[in-house]
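The block underneath contains the structure these notes are about, expressed in structure tokens.
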Amino acid sequence: GALLVSERIDREELCGAVSPCSLSFEIVVENPLELYSGAVEIQDINDNDPVFPSSQARLEISESVAAGARFPLESAQDPDVGINSLQTYQLSANPHFTLDVQTKVDGSKYAELVLEKELDREEQRELHLVLTALDGGSPPRSAHVQIHIDVVDANDNAPVFNQSTYKASVRENTPSGTLVARISAYDLDDGPNGEIIYFFSSHTPAKVRELFALDSATGELRVKGQLDYEETKLYEIYLQAKDKGAVPGMAHCKVLVEVIDVNDNAPEVTVTSVYSPVPEDAAPGTVVALLSVTDWDSHDNGLILVRVSDVNDNAPKSSQDSYDVYVPENNMPGIPILNVSATDPDLGRNAHLSYTLLQGDTTVGHLFSINRENGTLYLLASLDHEDQVEFSMMVQVQDGGSPPLATNVSVSVFVTDLNDNAPTVLYPHPNTTTTYPDVVAPGTPAGHMVTKVVAVDADAGYNAWISYTLLQATDPSVFSVGLHSGEISTARQLQEDDPPQHVLVILLKDHGDPVLSASATVSISVAEMVKEVLTDFTDVAPANDPRRHVTFYLILAVILVSAAFFITMLSVGIFKCYKWRQSKELFNSSRSTLYRTPGPFHHIDAVRGGFTPPNFYHQVYLTTDSRQSDLLCKKPFTSSPLGSRQGTMRNGEPGLYHQIVGTASRLPTPAE
């Protein structure tokens, strides 16, 4: 399991300027099969010196150049990275120039000469300086370049770029000749001193010059070589412009070129065989090979996409299981009052949600409506707190899958009360034309409750609290009213000289906003007896009221009808009782007979059969041993059966007798 170095490693050859430099690998362990991924980071050592493009550099600077002018110098290159790369520059001591070391976007360093003291050609025609480049190794490595400066006569105006930094972007693999940027400078001089040429600065590495071309006349920067995003993502190109004067003036600018990645690298699949050949008795699930996939592109271009088709396996989920909504009464119809929010982690149609209001109560369907697409609940009509305080409903959220999945969300709408009802007076009744005064005796002490104003308010809560105040009175000092009870009491003891009649106007107010009110009128009489009050009341009662006569006649008619009905029912009851008693006596007298008359023909049957005239009274006298009745026909019977019976009873002998009354009606049965 030891990992060994098989040949000499050169970090600069393997990774160039990329840091950190790492080599990845995979190790397969068998029995059991396991896969390990690893990486070896190649650490840099300071084994390279900084290198200048040339050992000498030559500059021509006009003696008229003002202090502060800057002159870029060629940069040294160090293939090492990190602290071992180029870190700084040093300039030999001189009275005119200092060195300004700056850092590029990629972290590399470059140096510029800065004129501190103006030059004088008559004093010194040329200067010789030494520029030293140092890396950060221990000990540091260095490189040197000789700088020869010629002091020349003045050129009045130097070229000037219209901007110091240009930015451009270009896709990798762009064909050669594609325009990247166009730089522009101007010179106020005339003739050759005003003609400008463009060229790469000494800061620009040779690699950049191989990839880009600069038109010296137009300043157009074009693609020259093959750009590769995976190699370099950003190029920092330094350009110069100078005129064609005998002593040319110079200007400097920088172009930042961003390389945009394109999907130009196909995924690389590496197959590592584990078993070769595979045994014919290999168990299911045995690993045959390992696959690894890599892509050198970046971001989305470097992903391997595995598409997973969606299944409707998630029901919609609401942010809340239930909602409580409070709506003031007397609302405007059609206003939205709630938005039911739900989500579904599925995709496409499986995540398309629709909202439905379940019609559990028909009232809910008439008052509420929900937007099927976004779940907004609307109120279609104006609500009244006094009519109904709460509405409960169920909203169903359903996705578009097959089969669809749904979730129910309960919604409770509470109607909050507004002060839209004034107090209603129950006593004294405000609509009656006749008022019956309350009576209080003279001398009644203070604090005695005389009467009470009774009122209600259809509103709820604080809006229904009623307060009572005395608005107007015949004598305000006599009576007072309870603020919250409405009880009218004597404010002081009643005196002889107090008015006999008092009319109080009570103001009733609720505690809503705005305050609503009503009034009640109470009449109070100060008298010893009720008769006096009634007499006074008769005097003040309305004289001509046709409704009084109508009421009187109606009451009289009801009394007469009730009396007639009672008398009729009493008469019927007495008559029924009389008939019942008469039938009972006849039945009892017939059952008292101690013998039975034999024979095929009986007188009772004759009477029922119509053989004997119904107007005859038949009297039979029998002995205790008689076996057959003897018919005795007497005079026709014309009087009432009761009278005939009584006469017969009076004329009959004192022995046993049995009488039969022949009539047109049947004989009563024992039950009757």
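Considering only region 204-217, I want to know if a residue exists there that is in contact (Cβ under 8 Å) with a residue 60 or more places away in the chain and surrounded by fewer than 19 Cβ atoms within 10 Å (Cβ to Cβ).
Yes.
Among the residues of region 142-160, write down those that are open to solvent by 70 Å² or more (accessible area, probe 1.4 Å) and either part of a strand (DSSP E or B) or more than 30 Å from residue 95 (Cβ to Cβ) (or both). Talk me through it step by step, then tell me what you get.
To start, the set of residues in region 142-160 that are open to solvent by 70 Å² or more (accessible area, probe 1.4 Å) comprises 144, 146, 153, 156.
144, 146, listed by residue number.
Within region 71-80, restricting attention to residues that are open to solvent by 20 Å² or more (accessible area, probe 1.4 Å) and not aromatic (Phe, Trp, Tyr), which residue is modelled with the lowest pLDDT?
Here the residue is 74.
Does residue 408 satisfy being assigned to a strand (DSSP E or B) and not hydroxyl-bearing (Ser, Thr, Tyr)?
yes
Looking at (1) of a type in the set (Val, Ile, Thr); (2) farther than 15 Å from residue 46 by Cβ; (3) part of a strand (DSSP E or B), find the lone condition where residue 105 falls short.
That leaves (3) as the condition not met.
Test residue 163 against the criterion of being surrounded by fewer than 16 Cβ atoms within 10 Å (Cβ to Cβ), in contact (Cβ under 8 Å) with a residue 60 or more places away in the chain and more than 60 Å from the chain's Cα centre (by Cα), and give yes or no.
Taking the combined requirement at face value, the residue does not satisfy it.
Please indicate, with yes or no, whether at least one residue in region 182-200 is surrounded by 20 or more Cβ atoms within 10 Å (Cβ to Cβ) and closer than 23 Å to residue 103 by Cα.
Checked against the condition, which is being surrounded by 20 or more Cβ atoms within 10 Å (Cβ to Cβ) and closer than 23 Å to residue 103 by Cα, region 182-200 yields at least one hit.
For every residue, the table says whether it meets (1) at pLDDT below 85; (2) assigned to a strand (DSSP E or B).
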residue	(1), (2)
23	no, yes
31	yes, no
38	no, yes
41	no, yes
46	no, no
54	no, no
58	no, yes
64	yes, no
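The values are calculated or read from the model by the stated rules, or taken from the named source; none is laboratory data. What you see is a predicted model; the values in this text were computed from it and never measured. Don't worry about glycine lacking a Cβ; one is built from the backbone with ideal geometry, like all the others, and counts go over all protein chains shown. What goes into the accessible areas is simple: the full protein's heavy atoms, side chains included, and nothing from ligands, DNA or RNA. Shrake-Rupley method; radii C 1.70, N 1.55, O 1.52, S 1.80 Å.
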